[in-house]
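*Asks:* After the structure tokens below, expect a handful of questions from me.
The values are calculated or read from the model by the stated rules, or taken from the named source; none is laboratory data. Values in this document were obtained by computation on a predicted structure and should not be read as measured data. All Cβ positions, glycine included, derive from the backbone under ideal geometry; neighbour counts span all protein chains shown. Just the protein is used for accessible areas: all its heavy atoms, side chains included, with ligands, DNA and RNA removed. Shrake-Rupley method; radii C 1.70, N 1.55, O 1.52, S 1.80 Å.
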Amino acid sequence: MSGNTFGVLFRFTTFGESHGPAIGCVIDGVPPRLALNEADIQVWLDRRRPGQSRFTTQRREPDTVRILSGVYQGQTTGTPIGLLIDNVDQRSHDYGDIAESFRPGHADYTYHHKYGIRDPRGGGRSSARETALRVAAGAVARKVLGGVSVRGALIQLGSHAIDRARWDWNEVNNNPLFCPDAVAAAQWADTLDQVRKAGSSIGAVVEVVAEGVPLGLGAPVYDKLDADTAKALMSITAVKGVEIGEGFAAAALSGEANADEMRAGPNGTVRFLSNHAGGILGGIATGQPIVARMAVKPTSSILTPRRTVDVNGNEVEIFTKGRHDPCVGIRAVPVAEAMVACVLADHLLRHRGQCGG
């Protein structure tokens with residue numbers, strides 16, 4: 001199977017399945033002499049960890065990470081960093097009754113026909129369990145980025161969006177929904193309780209903002225910073241749409257309204273009057289905050305019986321058991337942060353390689 005490696009200079013390869021003994025990754029290209037220990041990674045994994053509230057899957061995984069290589073006496077050595085996370089709370093028997101059927105909305109059908117074999121336990125390699133490794137790689141990427149801030153928030157649950165006038169970054173860590181609007185978070189909790197009790201699911205929109213990104217990161221044409229960011233976010237399980245800056249709303253603006261006008265700033269700098277471009281022009285960072293959003297579909301594993309076919313082409317009805325997120329978009333917030341951090345770390349190293357500094 002190809003497609004398990006992400007990045008150019010800062011690159012990581014993940015391995016493992018949802019119900020295998022462990023999942024892991026190898027991160028290459030990390031500069032030497034960066035301070036790094038397991039606690040630096042664990043703090044980010046704990047934000048994504050399942051079973052922390054009634055709004056996420058009740059699978060109990062501590063997601064304890066072990067550093068196997070690439071670090072000596074608390075510093076990176078410049079060699080590949082190996083990370084391993086044990087799976088400790090698998091319930092593979094939940095999938096025994098549906099091993100021969102294709103779950104609607106899942107990768108079962110496409111995996112089966114592409115490879116001729118698949119691991120039906122929790123989706124195997126296609127499971128969101130894999131995203132824990134992205135968060136781990138993102139923790140290392142943050143070390144490479146230094147003072148760059150990468151923060152994410154849930155800004156829409158189903159059709160219910162936040163009030164941006166009430167946006168408070170401090171509120172994101174005060175509720176289990178990563179919501180920056182305290183009023184919306186309370187309303188969403190009621191909505192999610194209804195969805196969960198009905199055995200259904202709901203989609204969401206996640207926004208990531210990166211601040212302190214150096215002017216000039218990125219490259220034109222095929223390696224644009226926004227193109228790589230879009231790929232990174234689109235590669236996350238259940239993501240079906242990505243936009244940068246004004247995104248699709250830019251289609252409704254005039255050229256005058258959409259242009260980010262500039263004025264002279266102090267000491268020869270430039271001051272932008274708006275940020276419709278989301279901090280990227282021509283694929284290169286402007287120095288403004290980079291703003292990206294992704295749409296996450298409703299969790300495909302729901303309790304409602306659905307029609308499908310089995311591996312022999314027979315029409316059947318499927319009932320999905322197991323423990324699943326009523327809104328997978330909630331735990332996607334730290335994953336989205338991590339992927340943006342990995343893209344920025346990769347482009348930072350690529351920029352230094354070509355332009356120095």
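*Asks:* Keeping to segment 286-318, report how many residues are within 29 Å of residue 156 (Cα to Cα), modelled with pLDDT of 90 or more, out of contact with any helix residue (DSSP H, G or I) (no Cβ under 6 Å at 6 or more places or on another chain) and small (Gly, Ala, Ser).
*Replies:* So the answer is 2.
*Asks:* A follow-up question, please. Looking for something farther than 14 Å from residue 238 by Cβ and at pLDDT below 95 - is there at least one such residue anywhere in segment 136-143? So that I can check it myself, show each step before the final result.
*Replies:* Pass one, segment 136-143, residues farther than 14 Å from residue 238 by Cβ: 136-143.
Among the residues that remain, those that are also at pLDDT below 95 are: none.
No: segment 136-143 contains no residue that is farther than 14 Å from residue 238 by Cβ and at pLDDT below 95.
*Asks:* What pairs come out if I take residues in segment 1-29 that are part of a loop (DSSP other than H, G, I, E, B) and pair them with residues that are of a type in the set (A, V, I, L, M) whose C-beta lies under 6 Å away, six or more apart or interchain?
*Replies:* Note: pairs meeting the criteria are 9/349; 10/345; 10/349; 29/9.
*Asks:* Examine segment 241-253 for a residue that is touching an Asp or Glu at 6+ places or on another chain (Cβ under 9 Å), closer than 30 Å to residue 107 by Cβ and modelled with pLDDT under 95, and state whether such a residue exists.
*Replies:* no
*Asks:* Same structure again: Those residues that are modelled with pLDDT of 95 or more and either crowded, with 19+ Cβ neighbours inside 10 Å or touching a Leu at 6+ places or on another chain (Cβ under 8 Å) (or both), I need them from segment 41-63; list them, please.
*Replies:* If the condition is that a residue be modelled with pLDDT of 95 or more and either crowded, with 19+ Cβ neighbours inside 10 Å or touching a Leu at 6+ places or on another chain (Cβ under 8 Å) (or both), then 41, 44, 45 are the ones that fit.
*Asks:* Which ones in segment 338-357 are over 13 Å from residue 150 (Cβ atoms) and aliphatic (A, V, I, L, M)?
*Replies:* Correct list: 349 only.
*Asks:* Check whether at least one residue in segment 305-312 is among the hydroxyl-bearing types (Ser, Thr, Tyr), open to solvent by less than 50 Å² (accessible area, probe 1.4 Å) and under 30 Å from residue 61 (Cβ atoms), and report yes or no. Working first, answer last.
*Replies:* Here is the first cut: in segment 305-312, the ones among the hydroxyl-bearing types (Ser, Thr, Tyr) are 308.
Within this subset, residues satisfying the condition of being open to solvent by less than 50 Å² (accessible area, probe 1.4 Å) are 308.
Those left that are additionally under 30 Å from residue 61 (Cβ atoms): 308.
There is at least one residue in segment 305-312 that is among the hydroxyl-bearing types (Ser, Thr, Tyr), open to solvent by less than 50 Å² (accessible area, probe 1.4 Å) and under 30 Å from residue 61 (Cβ atoms).
*Asks:* Let me ask something else about it. Kindly indicate the residue of segment 281-304 that is in contact with a Leu (Cβ under 6 Å, 6 or more places away or on another chain) and part of a loop (DSSP other than H, G, I, E, B) and also most open to solvent (accessible area, probe 1.4 Å) among those meeting that condition.
*Replies:* 287
*Asks:* Just to be sure I understand, how many residues within segment 138-194 are of a type in the set (Lys, Arg), assigned to a helix (DSSP H, G or I) and surrounded by 17 or more Cβ atoms within 10 Å (Cβ to Cβ)? I'd like the intermediate steps shown before the answer.
*Replies:* Restricting attention to segment 138-194, the residues satisfying the condition of being of a type in the set (Lys, Arg) are 142-143, 151, 164, 166.
Next, only the ones that are assigned to a helix (DSSP H, G or I) stay: 142-143, 164, 166.
Those still in the list that are surrounded by 17 or more Cβ atoms within 10 Å (Cβ to Cβ) too: 142-143.
Residues in segment 138-194 being of a type in the set (Lys, Arg), assigned to a helix (DSSP H, G or I) and surrounded by 17 or more Cβ atoms within 10 Å (Cβ to Cβ): 2 in total.
*Asks:* Still on this model: Since residue 346 meets every condition but one in (1) within 14 Å of the chain's Cα centre (by Cα); (2) part of a helix (DSSP H, G or I), which condition does it not meet?
*Replies:* Going through the list (1) within 14 Å of the chain's Cα centre (by Cα); (2) part of a helix (DSSP H, G or I), residue 346 breaks only (1).
*Asks:* Also, I was wondering about something else. Pick from segment 313-347 the residues that are surrounded by fewer than 24 Cβ atoms within 10 Å (Cβ to Cβ) and of a type in the set (A, V, I, L, M, F, W, C): which of them is farthest from residue 4 (Cα to Cα)?
*Replies:* Result: 316.
*Asks:* In this structure, is residue 114 out of contact with any strand residue (DSSP E or B) (no Cβ under 9 Å at 6 or more places or on another chain), among the charged types (D, E, K, R) and open to solvent by 20 Å² or more (accessible area, probe 1.4 Å)? Give the steps one after another, and end with the answer.
*Replies:* On the way: out of contact with any strand residue (DSSP E or B) (no Cβ under 9 Å at 6 or more places or on another chain): yes; among the charged types (D, E, K, R): yes; open to solvent by 20 Å² or more (accessible area, probe 1.4 Å): yes.
Yes, satisfied.
*Asks:* Next question, about the same structure. Restricting to segment 243-280, and then to whatever is more than 18 Å from residue 212 (Cα to Cα) and assigned to a loop (DSSP other than H, G, I, E, B), can you tell me which residue is most open to solvent (accessible area, probe 1.4 Å)?
*Replies:* Filtering first and then ranking leaves 261.
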